[in-house]
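Trainee: So that we are looking at the same thing, I have put the structure below in structure tokens.
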Amino acid sequence: MGSVAVGDDIVIGYITTITLYGGQVEIKRVASVKDGELKWLVPTRALFESYRLQPADNLLNEYQDKTVLIDLALLTKNKECFEELTGGKQKWHTMEQ
């Protein structure tokens, strides 16, 4: 997965073609980040200069919604999973049933 800054937005996609000449890369856009919010897209092709392409792994981890997994860790009292999902930054508490 790769990401490309386009103005104030970031486009996320996977590489479909690397051109031999001209240093361009075709990606299939699958998501974008606009105003700090991740939005999934209908996959479309786009052509960018290869030097603009950046890895998207950390970017996806930053914006991916983990609240359901965090809630599940709390419900199952799985402190290790909870700390991994929150980076140890949240206060550990269990949900009473």
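The values are calculated or read from the model by the stated rules, or taken from the named source; none is laboratory data. Predicted model, so just to flag it, every value in this text is computed and none were measured. Note: ideal-geometry Cβ built from the backbone for every residue, glycine included; neighbour counts use all protein chains shown.
Trainee: Out of Asp71, Asp35, report the one residue that is under 27 Å from Ser3 (Cα atoms) and either out of contact with any strand residue (DSSP E or B) (no Cβ under 8 Å at 6 or more places or on another chain) or at pLDDT below 80 (or both). Spell out the reasoning first.
Mentor: Details: Asp71 fails: under 27 Å from Ser3 (Cα atoms).
Residue meeting the stated conditions: Asp35.
Trainee: I would also like to ask the following. Out of (1) in contact with a Ser or Thr (Cβ under 9 Å, 6 or more places away or on another chain); (2) among the basic types (Lys, Arg); (3) touching a residue at least 12 places away in the same chain (Cβ under 8 Å), what's the single condition that is false for Lys34?
Mentor: So Lys34 meets the others, but not (1).
Trainee: Collect the residues in region 1-25 that are of a type in the set (A, V, I, L, M) and within 20 Å of Glu37 (Cβ to Cβ), keeping them in residue-number order. Steps first, answer last, please.
Mentor: Restricting attention to region 1-25, the residues satisfying the condition of being of a type in the set (A, V, I, L, M) are 1, 4-6, 10-12, 15, 18, 20, 25.
Residues satisfying the conditions are Met1, Val4, Ala5, Val6, Ile10, Val11, Ile12.
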